[in-house]
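To start, the structure itself, in structure tokens.
Values quoted throughout were computed directly from the atomic coordinates according to the rules given, and no laboratory measurement underlies them. Everything numeric here is computed off the predicted structure, so don't read it as measured data. Backbone-built Cβ (ideal geometry, glycine too); neighbour counts: all protein chains shown.
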Amino acid sequence: MNLVVEHCPLCKNKRHRFFEAVQDNGHSLTYMICDTCGLVFQSPRMSDGELKDFYQAEYRRLVQDDVGPTEKDQRVQAGRARNLLKFLLKNLDLVRSHLDIGSSAGTLLEFIQKQYKCTSVGIEPGDAYRTFSQERGWEVVADLGDIDDKYSTSFDLVTMAHVLEHLPDPVGYLRNLREKWMTPGGHLLIEVPNLNGHTALELSHLTAYSSMTLQRLLDRAGYHMVALEAHGHPRSRLIPLYLTALAQESSQQRPNVSYWTNPSGILFRRKIGMLWARSVTRILPGLAWLPWPELDE
């Protein structure tokens, strides 16, 4: 973990300052904030090679003490998938072909395929989770490069639930999706931890997003926002833990945009958000944190 990030992963500017330091699983992590666009990012971080090895074998054991799907994780994924599907149904009528990146145990893949009667393919780098999904009958491969002619290679819906914050080059990744894997006018569904509601800063999270920086990221990658919600589902009624966004691919060229950012204001909003989370947890714990969702409802 010695790769110093010199350029902001969003706007590529070199001007950034200290944002926050945290301890996670024995690691001392430092997060910086870009003076130009306001993105919060981890620096130093793991190298790309270290990240690949980490996600193939270590990540799940680190976060849940098991490399395969646990009951708790499957319940969380079921609750998340139900909420994401409700969000989709409010904003998108038709899906023909669906790609789920970071498909994990395949729950969101299953929900969308059954609801929209579409073809669905998942990308899951974790060996145990990918095998679990394949054994349940879902089409899941390890990497985008593994998608071959038996699958659709152009998707009108791409989903990325709790994936974006793990990517070292989020703008480049989303641009590649738009240019090589999405139909013209295709849609992108994203969910990330909310910087102003979620602790958000941990070893595997290379970036952390507010609604402002998520909007700026999507715009720079060639998408326009269709809908955005800050919410706590399925874990909280009171704490806006997550940001869920639906964006649409746009063929219009995006000029270089000049941003105005107040880093002190971003830090202040995060502190207020964390204070709110701690306060409602203490005063109204039953509403602040809900039981783990059931697998079936």
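Below, the figures for the structure above:
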quantity: Among 280-291, 35-46, the order from most to least packed when residues are scored by Cβ within 10 Å on average; calculated: 35-46, 280-291
quantity: Formal net charge of residues neighbouring L89 (Cβ-Cβ distance under 14 Å; K, R +1; D, E -1); calculated: +3
quantity: Residues in the range 156-199 reached by a label modelled at M225 [backbone nitrogen below 16 Å; 7 Å Cα→Cβ]; calculated: 188-197
quantity: All lysines inside 30 Å of K14 as judged from Cα atoms, apart from same-chain residues fewer than 8 positions distant; calculated: K52, K180, K271
quantity: Dipole in debye (nearest 20) - the chain, about Cα centre, beta carbon charges: Lys, Arg +1; Asp, Glu -1; calculated: 1260
quantity: Cut-off 9 Å between beta-carbons: net charge of the residues surrounding H162, Lys and Arg +1, Asp and Glu -1; calculated: -1
quantity: Sorted by Cβ neighbour density within 10 Å, fewest at the top, the residues H224, H166; calculated: H224, H166
quantity: Candidate lysines for bridging to K90, where Cα separation is under 19 Å - those fewer than 8 sequence places away on the same chain excluded; calculated: K114, K117
quantity: Inter-centroid distance (Cα atoms) of the range 151-207 relative to the range 1-55, Å; calculated: 18
quantity: Antiparallel DSSP beta bridges within the range 67-249, as percent of all bridges there, nearest 5; calculated: 45
quantity: Cα gyration tensor, the range 1-49 - rounded (a/c under 1.5), prolate or oblate; calculated: oblate
quantity: Any cysteine of the chain lacking a neighbouring Cys Cβ under 4.7 Å - listed by number; calculated: C118
quantity: Environment charge of H187, counting only residues whose C-beta is closer than 12 Å and scoring Lys/Arg +1, Asp/Glu -1; calculated: -1
